[in-house]
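The structure appears below as C-alpha cells.
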Amino acid sequence: WRPDALHKYWMCVCTVSSQLCLASVTVKVTPEVEVIKGETAKLHCSYTTSASASAIVKIALFSYDIFFCFVAGARKQIAFKSPQGIGVDPGTTMTDRLSMEDDLSITISPVMVEDERIYICQVTAGAVGFSEDKTQVKVFFAPEKPTITGNNQAITVTPETDTSSEVGKCISRNAYPQPRIIWFKDATPLPEVKDQKEKTYMIPSVVKEASGLYTMTSTLFMQPVKADAKSVFHCTVEYSMPNNQIKQESSDKFNLSLLYSTETVFFKLKNQGPVKEGDDVLMECETDGNPQPEFEFYKEDGELVALKGMLIVKNVTRKDAGIYKCEALDFDAEDGVELTKTLSLNVHYLDPVAVIPEGPLLAAKGDIVELQCKTKSSDEYTLQWKKDSKELSQTGVLTLQSVTLADAGVYLCVGAVPSVPGLQKQANVTLTVTGAPEMAAPLNGFVDKEGGMVTLNCSALGHPSPQFTWTPSGKESVTVVGNKVISTVTLEASAVVLKDGVICEAYNKHGRDSKNFKVSIKSVETRYLNYRNAVIMNFLSPFCVKMSEFWQSWLKSKLRRF
C-alpha cells in the first residue's frame, strides 16, 4: 500500500448468513498481490467456522457471499456470491475486467494502474456477525528507455562564468510507480541537488498521464569547465518491479559541446621516424581551445599554404630542413597566452653513389682490378660491394687479384644510412674479362640404341664470345646465360660416335679449348627405371591435373571472401 494509493482504494466483502448466533467465522486472504500492468491478478479468499457453524452454513438458505470495494473511504460492492449465484456489480471501472469463481477468488484482467487498491473480503454469518481481511494490490510497469534532449547547445566556458547552463534534459516515459532519475558524469553518479544556488543541480518534474503512468523529467544544470569537454554524460531511470526488485535503464551517452579560448598551442611532426629526402612531411598545429582557430605557417618569415592546421610538404629535400613556425589566430585568448610555436625539421639525405673508375671496365685475364665507391650523407653511412647478391666488401673498396673469366659481370655498390630506414642509394659497374675460352666439364650423352638421337650441351667462358665447332656436326644452336655461352647439338649416335665420342671446340682470338663428350647406350637397368618413371607419370598426370584444378577452384573461392 503505497502513499499515492492512499486516497483511492477498493474493499471487497464476502457475506454468509447463518441462524446460529454462537457460530464464529474467520476470513483468510493473501495480504499482498503484485502484478504488472496489462497482466492478470488473482485474489484468493477463504473462510472457516466452528463445527456447529459449518453445518448451519451449509443449510442456510438466506446466506450470501458478497465482494465489496472501498472508494475514497466508502465501501463499494464489486462482486458477490449468494444462494442465487455469482455476480459482478455493474457501474465500476473494473466491471468488464472482473470475474468471480466458486472458491470466492476474483480475477482482474487486464490489470490497470487504477486497480492498485485495498481489496477486502468480508464474510457475514447473519446474527453471528461477520469477519473480513484485506489484500493490497500493487501494480508495476517498466518505463521506456530514457531519452536525452537539449544537449546540442554549445556552452561558452570562461573564467568569468558564474551561472549554470542547461546541460541536458532526461525524460523517462510511462512508468509505475513513480521512478527516479539519476545523472552520471563518466561512470560516477552526480549528487541529487535541487538547490539552484549550487553550480550543479537538477530540476525534476513529473506528469501523470491519462493512463495513470508517470512521465519523469530531470533537467541538469552545470557550470562546465574545460575538462568536461572530454567527459561522457548519461542518465539512468531507476524503477521498482515485483519481488522488491530495483532495476535500471540508461540513456544513450553524450558529450558536451563547450566553447573556450586557447591557453596552449601544440605544433608537432606527424611522421613516424626520421624524415628523409623524398618523404611527404605532415606538420600539425592545434590548440587546447574549442573550436580550433585559424592558423598561419611560416618558414624563414615566408608564409606557407596550409589547410585547417595541417601543413604538408611533399617530396622533401634537404633544402626544406629548418625552423617552421605556427601561429594560432585566436582573438579570444587571454592576454599573455603564447599563440606561436616553432618546430625544427631535420631532413636526412644520402648523395648518389659514385663508382671509380666509371664503367664499363675491360681487363685481361690475370689483371688486378680495384673498384671504389663514394657518397655523402647527413649521418653515418655504410658502403657494400655485391655481385650476384653475394657481399664482397663493406669498406667501399673492392680489389680483385688476378681476375678470371668467372669474375666478369655486374658489380653493385650499395650505400645506406642505418639510422634512417629506407635511405639507400646504389650504383653499378660492368667488368669484362678478356681471355681464351674456358670450357666446363662435359656431360656425357646416352641413347637407347645405336642410331638413336642424342643432344649434347657445351658451355664455355671467354671474351670475345667464343665460337663453337662440333665433330661430327649436327643441328646446332647457341644461347647465352650470364657469362657463359652454351652451344647445343643434336645428332645421330652412329657406331663411330659410340666408339670415338663427339668433340666440342670453343675458340676466339685469344685461343681455343676443346672437350670430348662420350655417348653410350643406356644399360638395361637405366632403361627400366626410365620406363617405370614414364609409366608412373602417365598414370599420375590426369590425377595431378584434377588436383591442380581442385586447389585452384578452392583458392579462388577463398579469395572472393576478401
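The values are calculated or read from the model by the stated rules, or taken from the named source; none is laboratory data. Being a predicted model, the structure only gives us computed values, none of them experimental. Backbone-built Cβ (ideal geometry, glycine too); neighbour counts: all protein chains shown. Please note that ligands, DNA and RNA were not included when accessible areas were found on the heavy atoms of the full protein model with its side chains. Shrake-Rupley method; radii C 1.70, N 1.55, O 1.52, S 1.80 Å.
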For the range 289-305, give me the residue count where each residue is assigned to a loop (DSSP other than H, G, I, E, B) and on the phi < 0 side of the Ramachandran plot. 5
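Test Glu192 against the criterion of being in a loop (DSSP other than H, G, I, E, B), of a type outside the set (Phe, Trp, Tyr) and touching a Lys or Arg at 6+ places or on another chain (Cβ under 6 Å), and give yes or no. Steps first, answer last, please.
Values: in a loop (DSSP other than H, G, I, E, B): yes; of a type outside the set (Phe, Trp, Tyr): yes; touching a Lys or Arg at 6+ places or on another chain (Cβ under 6 Å): no.
Criteria not met by Glu192.
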Restricting the first residue to the range 331-347 and requiring it to be more than 26 Å from Glu300 (Cβ to Cβ), which pairs with a second residue that is open to solvent by 90 Å² or more (accessible area, probe 1.4 Å) and modelled with pLDDT under 90 meet a Cβ separation below 9 Å and a spacing of at least six or different chains? Glu334/Pro159
Mind telling me which of the residues Ala229, Ala321, Ala306 ends up being small (Gly, Ala, Ser) and either under 30 Å from Val137 (Cα atoms) or in contact (Cβ under 8 Å) with a residue 40 or more places away in the chain (or both)? Ala229
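Go through the range 266-283 and count every residue that is in a strand (DSSP E or B) and either open to solvent by 40 Å² or more (accessible area, probe 1.4 Å) or within 30 Å of Thr161 (Cβ to Cβ) (or both).
Quick first cut of the range 266-283, residues in a strand (DSSP E or B) only: 266-269, 275-276, 281-283.
Checking the rest, the ones that are also either open to solvent by 40 Å² or more (accessible area, probe 1.4 Å) or within 30 Å of Thr161 (Cβ to Cβ) (or both) come to 266-269, 276, 282.
So the answer is 6.
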I need the full set of residues from the range 201-226 which are among the aliphatic types (A, V, I, L, M), crowded, with 17+ Cβ neighbours inside 10 Å and touching a residue at least 24 places away in the same chain (Cβ under 8 Å), in order please. Leu213, Met216, Leu220, Met222
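Going by what's in this entry, would Lys515 be described as more than 24 Å from Gly366 (Cβ to Cβ) and either part of a helix (DSSP H, G or I) or among the basic types (Lys, Arg) (or both)?
Details: more than 24 Å from Gly366 (Cβ to Cβ): no; either part of a helix (DSSP H, G or I) or among the basic types (Lys, Arg) (or both): yes.
Taking the combined requirement at face value, the residue does not satisfy it.
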Any idea which of (1) under 30 Å from Pro31 (Cβ atoms); (2) surrounded by fewer than 17 Cβ atoms within 10 Å (Cβ to Cβ); (3) in contact with a Gly (Cβ under 7 Å, 6 or more places away or on another chain) is the one Phe130 doesn't satisfy? (3)
Going through the range 94-144 one residue at a time, which ones are farther than 15 Å from Pro242 by Cβ, in a strand (DSSP E or B) and charged (D, E, K, R)? Glu132, Asp133, Lys134
Subset of the range 379-396 that is open to solvent by less than 60 Å² (accessible area, probe 1.4 Å) and among the hydrophobic types (A, V, I, L, M, F, W, C) - its residue that is farthest from Val433 (Cα to Cα): Leu383
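Is it the case that the range 463-486 has a residue that's touching a Lys or Arg at 6+ places or on another chain (Cβ under 7 Å), surrounded by 14 or more Cβ atoms within 10 Å (Cβ to Cβ) and either touching a residue at least 60 places away in the same chain (Cβ under 8 Å) or among the polar types (S, T, N, Q) (or both)? Write out each step before concluding.
If we filter the range 463-486 for residues that are touching a Lys or Arg at 6+ places or on another chain (Cβ under 7 Å), which is where we start, we get 464.
From the residues that got through so far, the ones that are surrounded by 14 or more Cβ atoms within 10 Å (Cβ to Cβ) too are none.
No, every residue in the range 463-486 fails to be touching a Lys or Arg at 6+ places or on another chain (Cβ under 7 Å), surrounded by 14 or more Cβ atoms within 10 Å (Cβ to Cβ) and either touching a residue at least 60 places away in the same chain (Cβ under 8 Å) or among the polar types (S, T, N, Q) (or both).
Residues in the range 248-265: is at least one small (Gly, Ala, Ser), buried (at least 17 other Cβ atoms within 10 Å of the Cβ) and either modelled with pLDDT of 95 or more or under 30 Å from Thr217 (Cα atoms) (or both)?
Here is the first cut: in the range 248-265, the ones small (Gly, Ala, Ser) are 250-251, 257, 261.
Filter once more, keeping what is buried (at least 17 other Cβ atoms within 10 Å of the Cβ): 251, 261.
Still in the running and either modelled with pLDDT of 95 or more or under 30 Å from Thr217 (Cα atoms) (or both): 251.
The answer is yes; a qualifying residue exists.
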